[in-house]
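Structure first, then comments.
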């Protein structure tokens, strides 16, 4: 049986590595690079005991616990930069590794199957389970590589508080978390019939795992144990170095892997376990408009993003009450943090939150525009352009949809934060302030949307660069102050020009200028799109 | 006025020249066969005609309008079927047909239902589940349900079964009877022979031959099989004889159309017992042109 069902696995493994080598390389360099560069920065940021003490107080605040996981004892922070580093970086890096694994596995399993590539491979002299095994081997090697390189890298930096065992534990937590979500994705690849369904279900589990852990970490330890991400943050890495989390994650990952193999073995190629239902004979009048079509093609995506953002912002809203009490308790601490007395600490916290949430709600808006390019690559735009539809109308529909989506996303961010915050806080933040603080980010979002339109119109080969820019903006918001970037580096992020309501004053001028820039970029994109060759 | 008139169309992608001065004319009520090997430039020409890519040099007009500048206007009267139909996986076939029809501003529901029946197509399934032939049907139904003045068909029957191919040919002939024009790019030469009034052959981005099938046949050879009373000698010394073979005292060979007269006169002297002639097929024409360079080298050496 072994030779029959696994024949050719070795060759296919090499083949898949070749296929994905560029993606894997970029992910590994990105992940390890950020980990190491942030780690290098930490000792100089927290040079004095005082600053560590202040930071440790911040870490104890429930909002931080919800966002980053349970912290360490206060003296741990004071004695070990490692603890500080792990608390701030571990969870989000682990999530990034999970995202990498989900995308890689989703693409190489159901994605390849949907596109008919596996059919061709299976027609060769290879076993029934060979392709699936090859994918699993690739994802295992990738994650192990990540674990080892991260471990070696961190250990070799020679930072006080980051020892060899801790460094390797840190790396392996990342690796096994990635592995778990990779093999989970392999299970979904068997259950659903589409690659979209596969990645969507996997991301949904990732998001739910994050929230269960967030609520659990703040209110009930037992709840956190349900979530794999709860295990990820419970190793006390660099201080206690508990390896059991790694073991549990690994065992569950293997379990998922076996389930995936079993399901793969008993199903027909091309089929899934969640059956597709019969569709409509006619298109609705709304679908027959170009805007309706654009919306319909991305409906599921947009709804998923709305739900995700709403849950995310309302869970932050849920913390606001605890946060308020916490801030009241530690008035003493306020001496350490720059306090602009007019505003409560909660309000200051909201400005940071809004910046991050706006960056996240930017993603669906950008994806809406990128759909135009995606459709071109799949030879779908020839369906429009061989008919009486102008290029301006198609790009315009997507642009309009992107603007609408940006507005909807920001509304749901504000709504989630405000409605739940209002329920749990004594001194709630007003409806007007919350919504204003969200909507001020719209011009910045539009600039990035305009930038994508410009890329799609003028240099369609490089539309992918927009993700680099978004990641850059995220790094500036999230780590800019921490890494002490020079001013010009911060100024490259369009989000830096947005007034942080309520702490900053409203700056209408900046918003108008940004909107104008967005318009100019959009117009450039439209002009280019009307002039260039359409590939398909 | 011709429906399509293209002159000196040239398209370069970087250093690669896909089209090198293509001239093309399709008249009203005419079915024009556009044939050529893979990569000869058929689809590139069609994409230029559809205004999706811009010709590097040359001009093309459809209905007297510029194909690039007035694309949207032109497309109101055009139906297009690509050889490789790509559909949105999460829409049903029925939804896509409706979409395609409204994009052109047509709403002939009766025709739609009739064609769905004719092509034996299930419109309720999601597009991702359709086979190649079924995806092709989506485009064909949408195209023929639309009352266009010009049908541009780029290898439209790839993946269709012979029954469906017949139905497709009926659709084209119906369109022709209604006075519509058709540009049909195809590899199925029997189909082109059956449907087309005129044919253009493209190779390496150049139209190398164009005209009615009869006109083109003059340029090629006729198959002859003969048996004579007396031993036929030194036939191979005559001009314009090719592939001479002897089998069971019968001779088969091909003869250049322009040498036909001389050859027949010569053979007649030997007393003809049997004479069979087969007209040159498009296949022969096609082969001769496709293998053009190789053949001419061969013949030069002989």
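The values are calculated or read from the model by the stated rules, or taken from the named source; none is laboratory data. Just so it is clear, the structure is predicted and the values come from calculations on it, not from any experiment. Here the Cβ positions follow ideal geometry from the backbone for every residue, glycine too, while neighbour counts run over all protein chains shown.
Points to keep in mind about this one:
- When residue A:293 is tested against (1) more than 9 Å from chain B (Cβ to nearest Cβ); (2) under 30 Å from residue A:112 (Cβ atoms); (3) modelled with pLDDT of 85 or more; (4) in contact with a helix residue (DSSP H, G or I) (Cβ under 9 Å, 6 or more places away or on another chain), only condition (1) is not met.
- Residue B:201 passes every criterion in (1) in a strand (DSSP E or B); (2) exposed (fewer than 15 other Cβ atoms within 10 Å of the Cβ); (3) in contact with a helix residue (DSSP H, G or I) (Cβ under 6 Å, 6 or more places away or on another chain) apart from (2).
- Sole residue being under 30 Å from residue B:24 (Cα atoms), without any contact (Cβ under 8 Å) to a residue 24 or more places away in the chain and touching a strand residue (DSSP E or B) at 6+ places or on another chain (Cβ under 9 Å), chosen from B:173, B:189, B:140, B:183: B:173
- The one condition from (1) more than 14 Å from every other protein chain (Cβ to nearest Cβ); (2) farther than 23 Å from residue A:194 by Cα; (3) in a loop (DSSP other than H, G, I, E, B) that residue A:284 does not meet is (1).
- The test for being in contact with a strand residue (DSSP E or B) (Cβ under 8 Å, 6 or more places away or on another chain) and either within 24 Å of residue B:136 (Cα to Cα) or within 11 Å of another protein chain (Cβ to nearest Cβ) (or both) does not hold for residue B:115.
- Test for residue A:450: is it modelled with pLDDT of 95 or more, over 20 Å from the mean Cα position of the chain (by Cα) and on the phi < 0 side of the Ramachandran plot: yes
- Here residue A:162 meets each of (1) assigned to a helix (DSSP H, G or I); (2) in contact with a helix residue (DSSP H, G or I) (Cβ under 6 Å, 6 or more places away or on another chain); (3) touching a residue at least 12 places away in the same chain (Cβ under 8 Å) with one exception, condition (1).
- Restricting attention to segment B:75-93, the residues that are buried (at least 23 other Cβ atoms within 10 Å of the Cβ) and either at the interface with another protein chain (Cβ under 7 Å from one of its Cβ atoms) or farther than 26 Å from residue A:374 by Cα (or both) add up to 4.
- Test: residue in segment A:124-143 that is at pLDDT 95 or above and within 25 Å of residue A:312 (Cα to Cα): no
- The residue that is surrounded by the most Cβ atoms within 10 Å (Cβ to Cβ), counting only those in segment B:141-157 that are away from every other protein chain (no Cβ under 12 Å) and more than 18 Å from residue B:192 (Cβ to Cβ), is B:141.
- Segment B:158-194, residues that are in a loop (DSSP other than H, G, I, E, B) and buried (at least 21 other Cβ atoms within 10 Å of the Cβ): B:180, B:186
- Contact map, segment B:94-106: first residue more than 7 Å from chain A (Cβ to nearest Cβ), second residue assigned to a helix (DSSP H, G or I) and at pLDDT below 90, Cβ cut-off under 8 Å, separation 6 or more or different chains; pairs are B:96/B:127.
- Residue count for segment A:240-260 satisfying the condition of being surrounded by fewer than 19 Cβ atoms within 10 Å (Cβ to Cβ) and either within 18 Å of residue A:89 (Cβ to Cβ) or touching a helix residue (DSSP H, G or I) at 6+ places or on another chain (Cβ under 9 Å) (or both): 13.
- Qualifying residue in segment A:449-462 (condition: in contact with a helix residue (DSSP H, G or I) (Cβ under 8 Å, 6 or more places away or on another chain) and within 14 Å of chain B (Cβ to nearest Cβ)): yes
- Identity of the residue in segment B:128-140, within 13 Å of chain A (Cβ to nearest Cβ) and surrounded by 21 or more Cβ atoms within 10 Å (Cβ to Cβ), that ends up farthest from the chain's Cα centre (by Cα): B:130
- Taken over segment A:104-117, the criterion of being in a helix (DSSP H, G or I) and either within 16 Å of residue A:192 (Cα to Cα) or modelled with pLDDT of 95 or more (or both) is satisfied by A:104, A:105, A:106, A:107, A:108, A:109, A:110, A:111, A:112, A:113, A:114.
- Qualifying residue in segment A:381-404 (condition: more than 14 Å from chain B (Cβ to nearest Cβ), buried (at least 17 other Cβ atoms within 10 Å of the Cβ) and under 26 Å from residue A:63 (Cα atoms)): no
- The condition (being part of a loop (DSSP other than H, G, I, E, B) and at pLDDT below 90) is satisfied by just one residue among A:279, A:321: A:279.
- Those residues of segment A:405-447 which are surrounded by 24 or more Cβ atoms within 10 Å (Cβ to Cβ) and either without any contact (Cβ under 8 Å) to a residue 12 or more places away in the chain or over 22 Å from the mean Cα position of the chain (by Cα) (or both), in sequence order: A:418, A:421, A:434, A:437
- Any helices (runs of 4 or more DSSP H) falling wholly within segment A:1-98 and containing at least 2 residues that are at pLDDT 90 or above: A:9-45
- Top-ranked residue in segment B:48-72 [being buried (at least 16 other Cβ atoms within 10 Å of the Cβ) and at the interface with chain A (Cβ under 8 Å from one of its Cβ atoms); ranked as farthest from residue B:209 (Cα to Cα)]: B:72
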